[in-house]
Structure formats: structure tokens, C-alpha cells
Amino acid sequence: MVNVKGRWAFITGASRGIGYLTALFMAKQGCNLILHSRSLEHSEKVLSEVKAHGVEAYAVAAELSDLDAVERMLQEIDTFGVRVDIVLNNAGLQIAYRNEYFKTPVSDYTESFKINTIAPAMICYHFMPKMKEYGFGRILNTTSGIRLDPQQAGYSASKAALDKITIDLGHTVQGTDVMINLTDPGWCRTDLGGPYAPNAPESAIPGIVVGVFADDKKSGRFLGAQSFAGMSLEEAVKKAETEFDSPY
């Protein structure tokens, strides 16, 4: 199992919901953090809480629909002079639920794809070559299990595109210590999931990060967090490594 103590992780959408819980969990493992949110003010609470665990941390801000802002954020991270070994692309937008889905506006697609597909892809393209150079890296892209639901076409299509990017990139590093996989917290009671979701946000831990700690050189997998609900981290890693195989 990978020891993340002293390593650096970049987490998008870290100020609330699953991203917030993920940041706290990683800090408890001794992992230093770069925490993204839409504004620095949103990150003040989580930044303070992770530092209380004795780790180093920075906050960065960008509206992920503004792709120029995403690029500026990545350049800012480079100025920190740290080696980012772990990327958790957690942030996402579920734009609307369209009962009259044949009237779905084009903007549902353009906004969803910028935030859910293009921004995470830019982040992968920025950090993954460096990981390959270092010989170590972990990337987890957060996807969605939504299907057969044209009411959320923009959201589900953007996540399906992210799946494709992740699987294709994973093929290039399969068998190495740079691993890129998919994760999904499941339908949780967060700002995105709403109050009627069946799962507590805490149920996504540790499954949402199990791909960080797996050490089996397999990429392109779907490591749904609810498959590991209630397990210890050690139990979750063992399950991921023995029961979840690459698609290649």
C-alpha cells in the first residue's frame, strides 16, 4: 500500500462535500495538499483544518468553466516548487434536470463539458508527464454512474467523455507506477446530490481515494466508492487490488 506521508496532492472542489472530506482524510494520512475551490475565501475553513493535522497546504482558486483561469491556476501551482504526486479531480457540475429533455439547451453541454471534461483533462495533461518523468503518480478522475437518464444528458455525456479520456490515458502508463483511474462517490447527500440521496457523504471514504493507495500498477479501472463503504483503508486497498482489473 502506498504511503502518502510527505507527498503532495492536488484536490479540486476541496471546500465542500466529498472534496472536503477527501482533503481531511488525506491530511490525516500525512499528505500535503493543494486545495482548489472557486474562490480563496471558500477554502479558508478546510485549509485551516488540514493544517491542524500537521501537513503543509496551499489554496488556489479558479472557476473551472473559465479555461484560461484553469491554465493560470496550473501555472500558479508550478510556482510553489513542490512535486505533485497525486491529483484528485473531484470538482464537477450537475447543471440541470430537464423533464422536457428534447428541449435541452446547448449550454447544458458546453458548460458541463468545460467543467466536467475539459478542465480535468487539462489538469491531467499538465501533471501526468511530470509523473512519468518522476516514475510515480496517482490520478483519480471522478465520474458518475448516471445512465439511461436523458434528463441529465449534458452531465452524463460529459462524464462519459471523461471516462474515455481516463481509459485512453491509462493505456499509456499501464504496468508502471503512474496510475490513472476513475472513481465515483455514489449518490450522496451533498450540495450536488441533494437531500434525498441514499448515501451519507462519509460513506464515500475511503473508497473515493482507494486508487491513490493501490500499488498494483493497473490503470483505467472504475473504483466506485460505495464498493468499499464501511471498510478500513487497508481492507479497501486489498479489495481494489484483487477484485478490480484494468480494461486493457
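The values are calculated or read from the model by the stated rules, or taken from the named source; none is laboratory data. This is a predicted model, so every value here is computed, not measured. Cβ atoms come from the backbone with ideal geometry, glycine included; neighbour counts cover every protein chain shown. The accessibility values were calculated without ligands, DNA or RNA, using every heavy atom of the protein model including side chains. Shrake-Rupley method; radii C 1.70, N 1.55, O 1.52, S 1.80 Å.
Which whole-number percentage describes the relative contact order of the range 111-248, with Cα contacts under 8 Å and a sequence gap of 6 or more? Let's see the in-between values first.
Values: 226 pairs, mean separation 31.5, N = 138.
Normalised by residue count, the contact order of the range 111-248 is 23 percent.
Let me check I've understood the local charge: for Ser144, count other residues with C-beta under 11 angstrom from its C-beta, Lys and Arg +1, Asp and Glu -1. What total comes out? If you can, show how the numbers build up before the last one.
Details: positive: Arg147, Lys159; negative: Asp149, Asp163, Asp184.
Around Ser144, the charge tally is -1.
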Subject >> Candidate lysines - alpha carbon under 19 Å from Lys45, same-chain residues fewer than 8 apart omitted >> reply: Lys28
**OP:** Please find, in a Gaussian network model of the chain (springs between Cα atoms separated by less than 10 Å), the residue of Glu41, Glu71, Glu56 whose mean-square fluctuation is greatest.
**Re:** Glu41
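Over the range 48-96, what percent of the accessible surface lies on carbon and sulfur atoms, probe 1.4 Å?
Working: 970 of 2220 Å².
Exposed carbon and sulfur together represent 44 percent of the surface.
With only alpha-carbon pairs counted, each pair once and no self-pairs, how large is the Kirkwood hydrodynamic radius of the range 82-172 in angstroms?
Details: mean 1/r = 0.0713 Å⁻¹.
That comes to 14.0 Å for the range 82-172.
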**OP:** Counting only heavy atoms of the protein chains, get the accessible area per residue of the chain (1.4 Å probe) and round it to a whole Å² value.
**Re:** 45 Å²
Original post:
Classify the range 129-216: rounded, prolate or oblate, from the alpha-carbon gyration tensor (a ≥ b ≥ c, eigenvalue square roots; a/c under 1.5 rounded; otherwise prolate if a/b is larger than b/c)?
Top reply: oblate
Subject >> Length-normalised contact order for the range 22-144 - Cα pairs under 8 Å, 6+ apart - percent >> reply: 23 percent
Original post:
How big is the equivalent ellipsoid of the chain along its three axes, where each semi-axis is √(5λ) from the Cα gyration tensor, reported in whole Å from largest to smallest?
Top reply: 25, 21, 19
Original post:
Quick one: net charge of Glu44's neighbours, Cβ under 15 Å, K/R +1, D/E -1?
Top reply: +2
Original post:
Local charge sum around Thr242 (other residues, Cβ-Cβ under 13 Å, Lys/Arg +1, Asp/Glu -1)?
Top reply: -3
**OP:** Pairs of Cα atoms under 8 Å, at least six residues apart: use those to get the relative contact order of the chain, whole percent.
**Re:** 17 percent
Original post:
What residue among Leu74, Leu35, Leu88 has the largest mean-square fluctuation in a Gaussian network model of the chain, using Cα springs under 10 Å?
Top reply: Leu74
Original post:
Considering only protein heavy atoms and a 1.4 Å probe, what is the carbon-and-sulfur percentage of the accessible area of the range 130-248?
Top reply: 53 percent
Original post:
Cross-link partners among lysines for Lys132, C-alpha distance below 21 Å, same-chain residues fewer than 8 apart left out?
Top reply: Lys5, Lys164, Lys217, Lys218
Original post:
Modelled label-to-label distance, Ser39 and Ala160, 7 Å Cα→beta-carbon offset: nm?
Top reply: 3.6 nm
Original post:
With a Cα-only, solvent-free Debye model of the range 1-77, what are the log10 I(q)/I(0) values at q = 0.11, 0.16, 0.21, 0.22 Å⁻¹?
Top reply: -0.25, -0.52, -0.85, -0.91
Original post:
Which of the helices in the chain meet the span-like rule: DSSP H, Cα axial reach of 24 Å or more, Kyte-Doolittle mean at least 0.0?
Top reply: 153-173
**OP:** Please pull out the direction-averaged projected area of the range 39-98, using the convex hull of its alpha-carbon atoms, in nm² to one decimal place.
**Re:** 5.6 nm²
